[in-house]
Amino acid sequence: MGGLSFLKQYIIKPRTVGALLPSSKYLASKMVGNIDFNQASYIVEYGPGTGIFTENIIKNRKEGTIVLLFESNKVFYNLLKEKFEHEPNLHIINDSAEHLEKYMVKYEIPWVDYFVSGLPFASLPFSVSSNILWLTQMHLRQGGRFITFQYTLLKKDLIGNYFDTINIKKELRNIPPAYVFCCSQ
């Protein structure tokens, strides 16, 4: 999917897409660089969009690691289904991350080692953001990480309500530049 198609989705649904362009390879590298793939049995990605983070997760995961993708945008969901249809242990879900528990039960996932999020918390309704962050905190295994990026630091306090430690790095080689939050208990 090119930049124009991504832009179209942003224009149609700006509160859920959250960006004019897909994330850069530099941002993707910084996001997945926080994952210890040798220790990851279960990875959940919220809002994968066109799958730039997903590609890195698939390339680096160990055999047998189960990955769940939550994509509520139907256009992006269909793109992901087409792009990753032959990947083993990858489940693409066209639903809100608010329904995480339903799919953890369905796919027999007892905990999550890493959550990777492309969700635009700055534009999501407060109740949706809070529900997703609470579920994330509840199902993150001890020593696991919640990794997200935001274009501003406006939601740092909200995220800090759910995670004791937040390490922030800035990635300038993205349009717009982004902050990567690596969060843990």
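The values are calculated or read from the model by the stated rules, or taken from the named source; none is laboratory data. This one's a predicted model, so the numbers in the text were calculated from it and none came from an experiment. Cβ coordinates were reconstructed from backbone atoms using ideal geometry, including for glycine residues, and neighbour counts include every protein chain displayed.
Values computed for the structure shown
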{"read-out": "Pick from the stretch 22-37, criterion without any contact (Cβ under 8 Å) to a residue 60 or more places away in the chain and closer than 21 Å to Thr136 by Cα, ranking: surrounded by the fewest Cβ atoms within 10 Å (Cβ to Cβ)", "value": "Asp36"}
{"read-out": "Answer from Ile92, Ile57, Ile66 - the residue that is in contact with a Lys or Arg (Cβ under 6 Å, 6 or more places away or on another chain) and buried (at least 16 other Cβ atoms within 10 Å of the Cβ)", "value": "Ile92"}
{"read-out": "Unmet requirement for Glu85, which otherwise passes all of (1) modelled with pLDDT of 95 or more; (2) surrounded by fewer than 18 Cβ atoms within 10 Å (Cβ to Cβ)", "value": "(1)"}
{"read-out": "Boolean, Ser117 is farther than 17 Å from Met31 by Cα, of a type in the set (Ser, Thr, Tyr) and either without any contact (Cβ under 8 Å) to a residue 60 or more places away in the chain or in contact with an Asp or Glu (Cβ under 9 Å, 6 or more places away or on another chain) (or both)", "value": "no"}
{"read-out": "Test set (1) without any contact (Cβ under 8 Å) to a residue 60 or more places away in the chain; (2) β-branched (Val, Ile, Thr); (3) assigned to a strand (DSSP E or B) - Val180 fails condition number", "value": "(1)"}
{"read-out": "Odd one out for Lys62, checked against (1) at pLDDT 95 or above; (2) within 22 Å of Trp134 (Cβ to Cβ)", "value": "(2)"}
{"read-out": "Candidates Leu124, Leu79 - the one that is among the hydrophobic types (A, V, I, L, M, F, W, C), out of contact with any Leu (no Cβ under 7 Å at 6 or more places or on another chain) and at pLDDT 95 or above", "value": "Leu79"}
{"read-out": "Residue that is surrounded by the fewest Cβ atoms within 10 Å (Cβ to Cβ) [pool: residues in the stretch 131-185 that are among the small types (Gly, Ala, Ser) and within 25 Å of Trp111 (Cβ to Cβ)]", "value": "Gly143"}
{"read-out": "Listing of helices (runs of 4 or more DSSP H) fully contained in the stretch 40-123 that carry 2 or more residues being aromatic (Phe, Trp, Tyr) and under 16 Å from the mean Cα position of the chain (by Cα)", "value": "74-83"}
{"read-out": "Check on Val112, under 21 Å from Ala28 (Cα atoms), touching a His at 6+ places or on another chain (Cβ under 7 Å) and β-branched (Val, Ile, Thr)", "value": "yes"}
{"read-out": "Test: Thr152 is of a type in the set (Val, Ile, Thr), closer than 19 Å to Ala40 by Cα and either assigned to a loop (DSSP other than H, G, I, E, B) or in contact with a strand residue (DSSP E or B) (Cβ under 8 Å, 6 or more places away or on another chain) (or both)", "value": "no"}
{"read-out": "In the stretch 95-140, the residues that are in contact with a Lys or Arg (Cβ under 8 Å, 6 or more places away or on another chain) and either on the phi > 0 side of the Ramachandran plot or of a type in the set (Val, Ile, Thr) (or both)", "value": "Val112"}
